[in-house]
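The values are calculated or read from the model by the stated rules, or taken from the named source; none is laboratory data. Just so it is clear, the structure is predicted and the values come from calculations on it, not from any experiment. Reconstructed Cβ throughout: ideal geometry from the backbone, glycine too, with neighbour counts over all protein chains shown. The protein model used for the area step is the full one, side chains on, heavy atoms only, and it has no ligands, DNA or RNA in it. Shrake-Rupley method; radii C 1.70, N 1.55, O 1.52, S 1.80 Å.
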Amino acid sequence: AVMQTFGSKLCSCPSFKLREVVSIYFSFVMLFLLILMAALQGSVPRRNDFPYKVPLDPKGLLELSWNVSYPEQVVHFQLLIKHLQFGLLFGMSDRGEFENADLAVLWSDGHNSYFGDAWSDAEGRLHMDSQQDYQLLGARKAPKGLYLLFRRAFSTCDPKDYLIEDGTVHLIYGILEEPVHSLQAINISAIRRGLQRVQLLKPNITIPELPSDMKTMEITAPDIVIPSQETTYWCYMAELPDGFLKHHIIMYEPVITAGNEALVHHMEVFQCAAEFDSFPRYNGPCDSKMKPDRLNYCRHVLAAWAMGAGAFYYPEEAGLAFGGPGSSRYLRLEIHYHNPLVLQGRHDSSGIRLYYTASLRRYDAGIMELGLVYTPVMAIPPGEDSFLLTGYCTDKCTQLALPAAGIRIFASQLHTHLAGRKVVTVLSREGRERQVVNADGHYSPHFQEIRMLKELVAVFPGDELITTCTYNTEDRRKATVGGFGILEEMCVNYVHYYPQTQLELCKSAVDPGYLHRYFNLVNRFNDEEVCTCPQVSVPQQFYSVPWNTFNRDVLKSLYDFAPISMHCNKSSAVRFPGEWEKQRLPTITERLQEPVPRCPPTPGSRPAAPIPVNLGELRRD
């Protein structure tokens, strides 16, 4: 009776036969499945949709591929485990340590396998994370090994998670060679482990169209035998052909000998100084006593590559000039080999392939040095966990040296020596910080590459470029002074820009006279322990300072307020005309706001426990 009453109220609607109802039902089901498949395809990348790849371990048994989705603020990872034993750890930490790390863990007791998001405490003990932010998307076995596919948001707002930012990321891995029955049973100190540095957040740049007359040139090592030691810097001299006219480099990429992908850490091609008519041939370690001193004049960077980087493209309106009048024919290839397993007898012919054209683009690209002058007047006391030094490219210099239309910075290479931990360059205009040019909060001196910027940075006459480096000298007993030595320090940003100007170096250092006053003040409060006589060098004066709290704080204040000596130099190393000594520090009235991490929406059904993974039975070798 109820159904009849209800039906009588709907008598104006058409009636449906059972066949039609079933047809409509299945149509809706198919539509739902199509929508679901589309959604899954949007969140799970295809197998060949990972443009970036790097070997994690020295043997190349672990291979990481990834892509970046800026709209979703997510990184998708594909981890190839070529020889699966009983699982592995993969994750991120501040500087590659396994304490206070953010980890994705796959483990097995031999019968059952699990995947979960975990973290390690200050003692290296593992804990399951209450917020599971490493999301497993799939696991499949293939002839090459096990492919593990998972994703992670840049920011999770979980205090136990690593914030994925621009710049260097220290990836860590550990291999489980024995069955484990729980996450807590994993002893991090007892497993085979390591680290790899990459730039995860690659810029999403449109690749410019390449010209039809493009040619290539390979600058490669001549089938050398990689020395059987952990670290080697290898130098090889190459020459451009006689009569090589001016061309534009518009792209370059690495050439890695097959099988050596895990050994070739980074490579650079330098052009030599044009003031010398010739350079001696050389093929050997860069630190060898047999290396001719003249090779030290090959310092103009043409190309730089580091592990994990792909091809480098110049903007379509600019190219890097080489060849022709005023350009040296001589090039120096430098390769850093990282061989922690001390492998023997490995031959290598790696290097860099340059793509160049005779059809010159509208602008010559230039390279400008920002930061601190290489001088011992800038020093870091020993035992510092975070000591800042800042170098300035002042408004006075850019006003004089830059064209009215300004320049456009499109790439940057940050550089310090071994104590460097962070580097940032900020653009300031009329006393207000406007834009970060490049920043690396997890910088490593062992991972230096030219990085394309996500967007062009316009610099106009009167702008200031301020570069700050953060250092750690906790392991040192005496002061670290500025200079060229590996145990001395640098703070440099090599910015790549167009159009090229005469300005090649825009850097500063504290005024030497004010530093002399500092040493006199130290003497007044420390019983004349520092000799300030003219024959004693600045490094020797710093080495004799008793580094108590007062002397440290006064040095920090000196660098924060004392006038500077500006180096506003042309390519000939001659300063632009003007008064450059005892210049006032730039005044900053407005700082950039720290970016606020974007928290992803709280998931309703993400498990707070590990999820089972069907890998079948796993056995010991």
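Structure values in brief
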{"item": "Verdict on Leu555 being surrounded by 11 or more Cβ atoms within 10 Å (Cβ to Cβ) and under 36 Å from the mean Cα position of the chain (by Cα)", "result": "yes"}
{"item": "Test: residue in the range 480-488 that is among the aliphatic types (A, V, I, L, M) and without any contact (Cβ under 8 Å) to a residue 40 or more places away in the chain", "result": "no"}
{"item": "Qualifying residue in the range 376-391 (condition: in a strand (DSSP E or B), touching a residue at least 40 places away in the same chain (Cβ under 8 Å) and over 30 Å from Val522 (Cα atoms))", "result": "no"}
{"item": "Per-region count, the range 181-200, residues in a loop (DSSP other than H, G, I, E, B), open to solvent by 20 Å² or more (accessible area, probe 1.4 Å) and not small (Gly, Ala, Ser)", "result": "3"}
{"item": "Output for the range 577-592, where each listed residue is among the acidic types (Asp, Glu) and under 13 Å from Ser508 (Cα atoms)", "result": "Glu581"}
{"item": "Unmet criterion (only one of (1) over 19 Å from Leu389 (Cα atoms); (2) part of a helix (DSSP H, G or I)) for Gln535", "result": "(2)"}
{"item": "Qualifying residue in the range 281-296 (condition: surrounded by 15 or more Cβ atoms within 10 Å (Cβ to Cβ), among the basic types (Lys, Arg) and under 23 Å from Pro227 (Cα atoms))", "result": "yes"}
{"item": "Out of Leu163, Leu210, sole residue that is aliphatic (A, V, I, L, M), surrounded by fewer than 17 Cβ atoms within 10 Å (Cβ to Cβ), at pLDDT 95 or above and in a loop (DSSP other than H, G, I, E, B)", "result": "Leu163"}
{"item": "First in the range 570-587 and over 20 Å from Glu430 (Cβ atoms), second anywhere and open to solvent by 80 Å² or more (accessible area, probe 1.4 Å) and of a type in the set (A, V, I, L, M), Cβ under 6 Å, 6 or more apart", "result": "Phe576/Leu400"}
{"item": "Residues within the range 324-335 that are open to solvent by 10 Å² or more (accessible area, probe 1.4 Å) and in contact with a Phe, Trp or Tyr (Cβ under 7 Å, 6 or more places away or on another chain), tallied", "result": "4"}
{"item": "Qualifying position, being part of a loop (DSSP other than H, G, I, E, B), touching a Ser or Thr at 6+ places or on another chain (Cβ under 7 Å) and among the aliphatic types (A, V, I, L, M), among Ala274, Ala258", "result": "Ala274"}
{"item": "The range 257-272, residues that are of a type in the set (S, T, N, Q) and open to solvent by 10 Å² or more (accessible area, probe 1.4 Å)", "result": "Thr257, Gln271"}
{"item": "Hits in the range 568-585 (condition: part of a loop (DSSP other than H, G, I, E, B) and over 25 Å from Gln500 (Cα atoms))", "result": "Glu581, Lys582, Arg584, Leu585"}
{"item": "The range 347-371, residues that are part of a strand (DSSP E or B), within 18 Å of His496 (Cα to Cα), open to solvent by 10 Å² or more (accessible area, probe 1.4 Å) and of a type outside the set (Asp, Glu)", "result": "Tyr355, Tyr356, Tyr363, Ile367"}
{"item": "Selection from the range 81-96 of residues that are within 23 Å of Leu183 (Cβ to Cβ) and either in contact with a Gly (Cβ under 6 Å, 6 or more places away or on another chain) or among the basic types (Lys, Arg) (or both)", "result": "Ile81, Leu89"}
